[in-house]
Structure formats: structure tokens, C-alpha cells
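Okay, structure first, notes after.
The values are calculated or read from the model by the stated rules, or taken from the named source; none is laboratory data. Given the structure is predicted, the values throughout are model-derived calculations rather than measurements. All Cβ positions, glycine included, derive from the backbone under ideal geometry; neighbour counts span all protein chains shown.
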Amino acid sequence: MGDVQATFIESAAADPDGISASAQVGNNANLVIGGDLASGGAVTFDNPRNVTITSGGNDSGITFTVTGTDASGSALAETITGGNAGIATGTSIFATVTQITAVGDPAGTVTAGSGATIQATIFAGRCRLKGLYLVSTATGGTISFRNGSVTGTALLQYNTPSSVGSEYPDVPGDGMVFPDGAFLTYSSINATSATIFYA
């Protein structure tokens, strides 16, 4: 069995206006990608994650098209239905965001930002999970270790405690094999970082 290696994964908290600051948006117009996470009119996330759209008015009758790339670098687009004076949360996971377009006429201001759903690569090849060290938040949740891709089958899941602190969950025996690569999905609401040991 090979030497044990480690991958450190740390993701920032969700930033609701990190992509585009609150502004009026015209009918069928693009949002200005100029928030704190933006550079050169685009956003590259620390780890691939979802996107949120916050509407100042009732935008439940229109949609917003988010365009960018996924974790593999392939083109990705998602249609998000607007909220009614609130946040609409996307489910697609973006590595980059290059454009957000209002499909319709927003009723008020619109803001776009990063969500809390995180996907990360542990090792993109056959490996054996040996252990993990997790820093949890005060909100419990589930982290999933997936085979093959960030949307692959979850071979191992772990519920984080509802308390701030560090955990070193046991991986029994010789560890768990991920034949097609190991990938992690979790929420930054539940954990701030993880160190994953594998061989």
C-alpha cells in the first residue's frame, strides 16, 4: 500500500453579493459581475459551489440564466427562477461564473452571490480513504464522500456535530476504496475545512 497523502479543503462562507452587488437590472439585461469575488468581469470560486440570486422585488415570474464552467472546465448554464423579495438558490455547481442574465424585467434590485454548497476533489484517481480531520460549525449537517465525480455515488457519509470544534472520525480497518476517484460534497454552513488522508 502506498504512502499516505493528504488534501486540505477550505471554503469561504457564502457571499450573497460576491458576484454582483445590488443594482437595478433592465429587461433581459446582464447583471454587472463586479462583486468582491469578481476579477475582470468573471468569478472563479475557491471551490466549485452553487449560486444565489437575491431579488428586491417580486421576480417569481421571471428567471435568471447563470453561465460559466463546472469543476471539469466544461461549459455550464443554469436557469434560476427569481424570488419574491428574497433569495433564490441554485443547485448547479459552478467553478466559474462569466455571465448572469435576467430573462424578463426584474421588479427591483438584483444581487448575485456564492452559495454554501461546496464540491471538491480529494484525489481524481483510484485511492483508499484512510482518515479525516474536520473543523465543524455550530450547525450540524452531512458531508458526503463520492466515487468518480462530485455527483457520483456517496460511498461514505458523515454527520457533523452541532458545535464548533474539530473532529477526527474513524475510518475502520485499512480504509475505504474509491475505485474511480474520491470527491467531497458539503455545506460551508456545517464545516469550515477538512483534511482528508488517503493512499
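When Thr91 is tested against (1) among the β-branched types (Val, Ile, Thr); (2) in a loop (DSSP other than H, G, I, E, B); (3) surrounded by 14 or more Cβ atoms within 10 Å (Cβ to Cβ), just one condition goes unmet, and that condition is (3). Yes or no: Phe64 surrounded by 14 or more Cβ atoms within 10 Å (Cβ to Cβ) and under 28 Å from Ala124 (Cβ atoms)? Judged against the criteria, Phe64 is not a match. Among the residues of the range 26-66, those identified as under 17 Å from Asn84 (Cα atoms) and among the small types (Gly, Ala, Ser) are Ser55, Gly56, Gly57, Ser60, Gly61. Would you say Val51 is surrounded by fewer than 17 Cβ atoms within 10 Å (Cβ to Cβ) and of a type in the set (Val, Ile, Thr)? In short, no.
Residues are listed down the side, and each one gets a yes or a no for (1) in a strand (DSSP E or B); (2) under 16 Å from the mean Cα position of the chain (by Cα); (3) modelled with pLDDT under 95; (4) not β-branched (Val, Ile, Thr):
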| position | (1), (2), (3), (4) |
| --- | --- |
| Phe145 | yes, yes, no, yes |
| Val150 | no, yes, yes, no |
| Leu155 | yes, no, no, yes |
| Ser166 | yes, no, yes, yes |
| Val171 | no, no, yes, no |
| Asp174 | no, no, yes, yes |
| Asp180 | no, no, no, yes |
| Ile196 | yes, no, no, no |
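Scanning the range 163-175 for residues that are of a type in the set (D, E, K, R) and either loosely packed, with under 15 Cβ neighbours inside 10 Å or outside the structural domain of Gly141 (by TED's automatic domain parsing) (or both) turns up Asp170, Asp174. Screening Leu37, Leu31 for residues that are of a type in the set (A, V, I, L, M, F, W, C), farther than 20 Å from Val103 by Cα, in contact (Cβ under 8 Å) with a residue 24 or more places away in the chain and out of contact with any Lys or Arg (no Cβ under 7 Å at 6 or more places or on another chain) leaves exactly one candidate, Leu37. Looking at Phe178, Phe197, Phe183, which is the one that is surrounded by 17 or more Cβ atoms within 10 Å (Cβ to Cβ), touching a residue at least 40 places away in the same chain (Cβ under 8 Å), among the hydrophobic types (A, V, I, L, M, F, W, C) and farther than 24 Å from Ser92 by Cβ? From the options Phe178, Phe197, Phe183, the qualifying one is Phe197. Considering every residue within the range 81-100, establish whether at least one is closer than 30 Å to Asp180 by Cβ, of a type in the set (S, T, N, Q) and over 15 Å from the mean Cα position of the chain (by Cα). Within the range 81-100, one or more residues are closer than 30 Å to Asp180 by Cβ, of a type in the set (S, T, N, Q) and over 15 Å from the mean Cα position of the chain (by Cα).
Residues in the range 1-14 that are surrounded by 12 or more Cβ atoms within 10 Å (Cβ to Cβ) and part of a strand (DSSP E or B): Gln5, Ala6, Thr7, Ile9, Glu10.
Would it be correct to say that Thr160 is among the polar types (S, T, N, Q) and either at pLDDT 95 or above or surrounded by fewer than 19 Cβ atoms within 10 Å (Cβ to Cβ) (or both)?
Judged against the criteria, Thr160 is not a match.
Annotation note: of Asp70, Asp17, Asp36, the sole residue that is at pLDDT below 95 and surrounded by fewer than 22 Cβ atoms within 10 Å (Cβ to Cβ) is Asp70.
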